[in-house]
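Okay, structure first, notes after.
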Amino acid sequence: MNKKISAYQRVYAQIRRDILDGNYKTGMLLPPEPELEKIFQVSRTTIRKAISMLQSEGYLKVMQGHGTEIVDISTIQRLNSLTSLPESLIEKGYEVTIQGDYIKKIIPPSYVNDALNQKEGAEVYKIEQVQYANGLPISIIVNFLRPDYLQGLENHSSKFVDLYEFLETQYNIILTTAVDHITAIKADFLDSQILRVPIGEPLLYNKRIGYLNDMAFECSITKIIADRYEYCVHLKRE
């Protein structure tokens, strides 16, 4: 005996199919509820139930006062390989751009020199970028690098998108290992302005220590919009 599909399941299935087929593209707004009621010939309660399901599965983001946005759940970075965020996005076919990029030498906060095993007051290079995928802001990243092997780095502001690729081609530096500390935070006012999300929006917060052989070479802080990115961890029982 076949079980009859409920109205909200039918609406859910059709919108999900339209997203997967590309009829609704990442960053687009779903038609407003009154229009969806007419399209599907169902009640507003049914529409809201279907949207709630799609939101819980990561297909939609409901923004109060702005509408319901199509989000991308296909961007995955595997944690068993050392890659940069731009590298992962480019591999997925995204056009990656940056804004607000600048490089300068600074005396960093003490936690940075601690992470890099440097003395208090030692200088590092600081690189700040806002990264975009297909024109939409996805992350704020701040890199702190030991300056030992990076002569003239400050002359390369806005000349690269992928830091790891740049270090390899320009300085013949290839990071060998890294340790990521990943947690969740809420977007503050500045984050919300840069990433175009509401204050309090969940963000993935990744603190990475990158190593050049056995030497701590990079300390980076990345804030990523949580519903536009996904980490994939492969575990093996020894």
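Since every read-out is calculated from the coordinates, none of them should be taken as a lab result. What you see is a predicted model, and the numbers here were worked out from it, not measured in a lab. Quick reminder, even Gly has a Cβ in these numbers, built from the backbone with ideal geometry, and neighbours come from all protein chains shown.
Worth pointing out:
- Modelled spin labels at E165 and L136, positioned 7 Å past Cα toward Cβ, are 2.2 nm from each other.
- Length released on extending from E95 to H181, taking residue separation times 0.36 nm less the Cα-Cα span: 28.3 nm
- Report summary: the helix-based calculation at 222 nm, which adds -39500 (n - 2.57) for every DSSP H run with n ≥ 4 and divides by the residues of the chain, gives -7500 deg cm²/dmol.
- Neighbourhood charge, 9 Å Cβ-Cβ cut-off, centred on D191 and excluding it, Lys, Arg +1 and Asp, Glu -1: 0
- Using alpha-carbon coordinates, inclination of helix 7-20 to the longest axis of the chain, degrees: 40 degrees
- Most tightly packed first, judged by the mean number of other beta-carbon atoms within 10 Å of their residues, the peptides 215-226, 61-72 read 215-226, 61-72.
- Structure note, pairs K105/K126; K126/K223; K25/K159; K186/K207: Cα-Cα distances above 18 angstrom occur for K25/K159.
- Cα centroid of region 168-182 to Cα centroid of region 1-62, whole Å: 42 Å
- Whole-Hz ³J(HN,Hα) from phi, Karplus 6.51 cos²θ - 1.76 cosθ + 1.60, for region 96-109, glycine and proline x: 9, 10, 10, 9, x, 7, 8, 10, 7, 8, 9, 9, x, x
- Gain on full stretching of the segment that runs from A122 to D148 - 0.36 nm per residue minus C-alpha separation: 8.2 nm
- Take each peptide in 157-165, 172-180, count the other Cβ atoms within 10 Å of every residue, and average; sorted highest first, the result is 157-165, 172-180.
- Crossing angle, helix 44-56 versus the chain [Cα axis fit, 0-90 degrees, rounded to tens]: 30 degrees
- Positive-pole candidate from S52, I173, Y8, dipole of the chain, charges at beta carbon: Y8
- At R0 = 25 Å, FRET efficiency that the Cβ-Cβ distance of N155 and M215 yields, to 0.05: 0.55
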